[in-house]
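Working notes for the structure below.
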Amino acid sequence: MVEPSETVQGKGLRMSGIAVIGLGAMGRPIARNLLNAGHDVVVWNRSDGPTDELVAAGARRAASVAEAMRVPVVLSVLADDRAVAETFIDSGVLARTRGGTVHVNLATVSPGLARRADEAHSEYGVGYVAAPVFGRVPVAEAGALNILAAGEQGLIDRVQPLLDVIGSRTWRLGDRPEQANIVKILGNYLIACAIQSLGEAVSVAEGAGVDSGQFVELLTSTLFPGAVYSGYGSMIAERRYQPAGFTAVLGRKDLHLALDAANDHDIQLPIGELLRAVFAQAIADGGGADDWAVIAEQQPR
């Protein structure tokens, strides 16, 4: 049984009673980094395997989401709108959560879901901070995520010591949680655009007999330095889409979030519409569980 803890201290000190809900590819390293930093970490996941792994490392097991929510600060790392809504909004768990608890949602969700979540938490006196992240699993393991935070600034101040453990920088983007989510969605949209353009360019280079690996190395050493072009460029050149850091199914989900957000503001995304078809074909061809860089394979070879 998880007992409530009231200890919340300043930056660099121990903050007791932290829960991590959702122990997928990103949730596990986030929880482990908090443990390694000396925090008292409670964990919950739908399946037992990841929970067992973290309990063996020193975490405490919560029998339910409601039990995990008994601690002062809760970080959740779930897959999508539906998972967040089912776990926190529609389950009735917020009605059983003590007022003053802060829920930090690291998931990439729609602006509409962020607004709904904020309203639902506020109804029961539970704080809500949106904090989606930029960074793949190795970045999470290194505690070097870029965190996009939005919500009441006092709540962000309160959880900043935790964010400093799991990330290299926290970008404060506004007082409304959906502001963080729209920035994350647009960032992922631009990554998808970069993957698409890289796939096109590599296809043409290969067609002309140019070595694709050297081509990518040249581009990323001169015109387009940075993690997106170098990381995805090498994956495309090598046709290396496993293990997946971020699957095509999740990429399609985030693309649709970007298209929906643009539609809300009466803005057209022509490249996004092209990507809609590209993702659909890649998934239909069996690439749904591959890294989303697999959309490059839709280019003619």
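The values are calculated or read from the model by the stated rules, or taken from the named source; none is laboratory data. Because the structure is a prediction, the values reported are computed rather than measured. So basically every Cβ, Gly included, is an ideal-geometry build from the backbone, and we count neighbours across all protein chains shown.
State all residues of region 262-301 that are charged (D, E, K, R), assigned to a helix (DSSP H, G or I) and touching a Phe, Trp or Tyr at 6+ places or on another chain (Cβ under 9 Å); if no residue qualifies, say none.
So in region 262-301, the residues charged (D, E, K, R) come out as 264, 266, 273, 276, 285, 290-291, 297, 301.
Subsequent filtering for residues that are assigned to a helix (DSSP H, G or I) retains 264, 273, 276, 285, 297.
Listed by number, the list holds a single entry, Glu297.
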Filtering region 141-169 down to residues that are assigned to a strand (DSSP E or B) and either small (Gly, Ala, Ser) or under 21 Å from Val41 (Cα atoms) (or both) yields Leu145, Ile147, Ala149, Ala150, Gly167, Ser168
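Out of curiosity, is Val74 surrounded by 19 or more Cβ atoms within 10 Å (Cβ to Cβ) and either at pLDDT 95 or above or more than 18 Å from the chain's Cα centre (by Cα) (or both)?
Numbers: surrounded by 19 or more Cβ atoms within 10 Å (Cβ to Cβ): yes; either at pLDDT 95 or above or more than 18 Å from the chain's Cα centre (by Cα) (or both): yes.
Yes; evaluated as a whole, the condition is true for this residue.
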Working carefully through the options Gly135, Gly143, find the one that is touching a helix residue (DSSP H, G or I) at 6+ places or on another chain (Cβ under 7 Å), surrounded by fewer than 23 Cβ atoms within 10 Å (Cβ to Cβ) and within 16 Å of Arg169 (Cβ to Cβ).
Gly143
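For the structure I just gave you, tell me whether Leu54 is assigned to a helix (DSSP H, G or I) and of a type in the set (A, V, I, L, M).
On the way: assigned to a helix (DSSP H, G or I): yes; of a type in the set (A, V, I, L, M): yes.
For Leu54, the condition - assigned to a helix (DSSP H, G or I) and of a type in the set (A, V, I, L, M) - is met.
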Criterion violated by Ala79 - all others in (1) within 18 Å of His103 (Cα to Cα); (2) free of Cβ contacts under 8 Å to residues at least 24 places away in the same chain; (3) out of contact with any strand residue (DSSP E or B) (no Cβ under 9 Å at 6 or more places or on another chain) satisfied
(2)
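So which residues in region 82-103 are of a type outside the set (A, V, I, L, M) and either in contact (Cβ under 8 Å) with a residue 12 or more places away in the chain or in a loop (DSSP other than H, G, I, E, B) (or both), if there are any at all? Spell out the reasoning first.
Looking only at region 82-103, we keep the residues that are of a type outside the set (A, V, I, L, M), and these are 82, 86-88, 90-92, 96-101, 103.
Thr87, Phe88, Asp90, Ser91, Gly92, Arg96, Thr97, Arg98, Gly99, Gly100, Thr101, His103 - these are the residues of region 82-103 that are of a type outside the set (A, V, I, L, M) and either in contact (Cβ under 8 Å) with a residue 12 or more places away in the chain or in a loop (DSSP other than H, G, I, E, B) (or both).
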Yes/no for Gly251 being modelled with pLDDT under 95, outside the structural domain of Asp81 (by TED's automatic domain parsing), within 26 Å of Ala25 (Cα to Cα) and under 22 Å from the mean Cα position of the chain (by Cα)
no
When region 205-239 is examined, which residues are found to be part of a loop (DSSP other than H, G, I, E, B) and over 22 Å from the mean Cα position of the chain (by Cα)?
Ala208, Gly209, Val210, Asp211, Thr222, Leu223, Phe224, Pro225, Arg239
Residue count, region 262-289 (criterion: out of contact with any helix residue (DSSP H, G or I) (no Cβ under 6 Å at 6 or more places or on another chain) and at negative phi)
15
Counting only residues that are in contact with a Phe, Trp or Tyr (Cβ under 7 Å, 6 or more places away or on another chain) and among the polar types (S, T, N, Q), how many does region 94-104 have?
1
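Return the only residue of Glu141, Glu178 being touching a residue at least 60 places away in the same chain (Cβ under 8 Å), in contact with a Pro (Cβ under 7 Å, 6 or more places away or on another chain) and within 21 Å of Ala85 (Cβ to Cβ). Quick ask: steps written out before the conclusion?
Values: Glu141 fails: within 21 Å of Ala85 (Cβ to Cβ).
After ruling out the rest, the residue left standing is Glu178.
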Single residue of region 202-230 satisfying the filter (surrounded by fewer than 17 Cβ atoms within 10 Å (Cβ to Cβ) and small (Gly, Ala, Ser)) that is nearest to Asn188 (Cα to Cα):
Ala227
Taking region 106-122, which residues are in contact (Cβ under 8 Å) with a residue 40 or more places away in the chain, in a helix (DSSP H, G or I) and of a type in the set (Gly, Ala, Ser)?
Gly112, Ala114, Ala117
